[in-house]
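The values are calculated or read from the model by the stated rules, or taken from the named source; none is laboratory data. The structure presented is a predicted model; accordingly, all values stated were derived computationally and were not measured. Ideal geometry is used to build each Cβ from the backbone, glycine not excepted, and the neighbour counts take in all protein chains shown. Note: accessible area is taken over every heavy atom of the protein model, side chains too, but ligands, DNA and RNA are not part of it. Shrake-Rupley method; radii C 1.70, N 1.55, O 1.52, S 1.80 Å.
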Amino acid sequence: MPQHRVRGDISSSEITDECLFYQRRKFLRAIPLALLAGLSSRSLLANASSDSGKCDSVTIQSNEKLTRLYDITHYNNYYEFSTNKEAVAHLAEGFTTHPWTLHLEGEVEKPLVLDIDSIRSRFTQEERVYRLRCVEGWSMVIPWQGFSLCKLLSLVAPTSRAKYVEFVSVLRPDEMIGQRQKSLPWPYREGLRMDEAMHPLTMIATGLYGKDMPPQNGAPLRLVVPWKYGFKSAKAITHIYLREKPPATSWNLAASSEYGFYANVNPAVSHPRWSQARENRIGELSKRHTLPFNGYADQVAHLYSGMDLKQYF
Ligand SMILES: Nc1nc2c(c(=O)[nH]1)N[C@H]1C(S)=C(S)[C@@H](COP(=O)(O)O)O[C@H]1N2
Ligand SMILES: [Mo]
């Protein structure tokens with residue numbers, strides 16, 4: 001696992017994108033809240049009825065420096081394309097992300113097939129800045145756009161037997177050359193317990209830095225679970241199944257002693273081959289201490305009260 005890497009050239013269009021993003025954010029912050037509320041009260045009402053009202057919302061304050069757009073989009077784990085992080089961006093270029101359909105099935109009263117355009121228009125896209133901590137010991141701070149997974153799951157009315165959620169990524173070896181290798185069992189699969197999936201921090205992301213999701217980051221839609229190691233956040237999802245039993249997951253199938261189902265970021269539980277106590281924030285020189293639940297303990301620790309997190313790693 002490389003700790004340091006040589007920075008490639010940054011194209012001027014990327015620099016412009018990042019600058020525009022900051023300018024827009026400044027502008028949004030400058031509008032008085034009362035004015036915003038007054039202007040958009042009608043659209044807020046419309047959103048409340050189309051987005052599900054059953055879901056809690058969450059506001060996360062972050063003063064951390066955002067990771068540069070170039071680094072977020074050129075240092076990727078996406079084994080469907082390559083196990084080489086620096087090679088993913090190029091290999092994912094031109095990957096077909098439109099049209100795209102998402103199937104919601106399993107323990108639900110109302111199974112549903114949604115296309116990416118209706119997902120985008122149906123759910124108000126929020127910006128959320130989250131830390132992403134990879135099990136390999138590096139981290140980033142990423143401004144995502146998307147919406148709470150809870151809103152999507154509420155649409156299909158999970159039955160009382162639904163205890164887990166399974167996420168399946170796209171299977172397309174003709175376009176994803178890494179899938180012709182057996183680096184992982186394909187398609188990529190991940191899973192959450194129902195309460196983790198319904199937690200307001202858990203999101204479906206459709207973009208980052210104010211733009212549509214780049215292919216290398218999991219376009220057109222991916223999961224983001226900020227208090228868990230990055231591998232839980234499956235990219236390019238095509239199927240979501242509500243399940244009674246815990247689903248099998250790709251990394252756990254590949255190496256069950258190294259990658260558990262829960263995978264909560266935990267500095268006190270080492271990976272068999274390396275410590276998890278510290279991390280390398282991409283763009284910084286010295287390492288920082290890793291925080292329990294990746295710094296989201298106040299929001300999520302209660303989900304695991306009474307559980308031995310060394311056993312359920
Ligand atoms: N489908 C799929 N999703 C995936 C992966 C993958 O290989 N395939 N890698 C995971 C890992 S290990 C990490 S750390 C994050 C990386 O996300 P990023 O490239 O957007 O930073 O994606 C996760 N989601
Ligand atoms: Mo990762």
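What the table shows:
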read-out: Max mean-square fluctuation residue, GNM over the chain, Cα-Cα springs under 10 Å, options 172, 222, 243; value: 172
read-out: For the chain: relative contact order, % (alpha-carbon pairs under 8 angstrom, 6 or more apart); value: 18
read-out: Residue 186 - accessible surface, heavy atoms, 1.4 Å probe, Å² rounded to 10; value: 60
read-out: Across the chain: Cys residues that no other cysteine approaches within a C-beta distance under 4.7 Å; value: 19, 134
read-out: Proximal lysines relative to residue 65, as straight alpha-carbon distance under 26 Å, when same-chain residues fewer than 8 apart are discounted; value: 26, 85, 211, 228, 232, 235, 287
read-out: Accessible surface, 1.4 Å probe, highest first, among residues 20, 102, 309; value: 20, 309, 102
read-out: List 54, 182, ordered by accessible area with a 1.4 Å probe, largest first; value: 182, 54
read-out: Values of log10 I(q)/I(0), in the order q = 0.13, 0.22 Å⁻¹, for the stretch 234-313 under a Debye, Cα-only, solvent-free model; value: -0.54, -1.23
read-out: nm² value of the averaged projected area, convex hull over the Cα atoms of the chain; value: 16.4
read-out: Nearest-10 value in Å² for the accessible area of residue 278, using the 1.4 Å probe; value: 120
read-out: Surface share of carbon and sulfur [accessible, 1.4 angstrom probe, percent] for the stretch 169-212; value: 53
read-out: Accessible-area composition of the stretch 243-313, carbon plus sulfur, in percent [1.4 Å probe]; value: 52
read-out: Solvent accessible area, Å² - residue 180, 1.4 Å probe, full protein context; value: 140
read-out: Rel. contact order, % - alpha carbon contacts under 8 angstrom, at least six apart, the stretch 118-271; value: 28
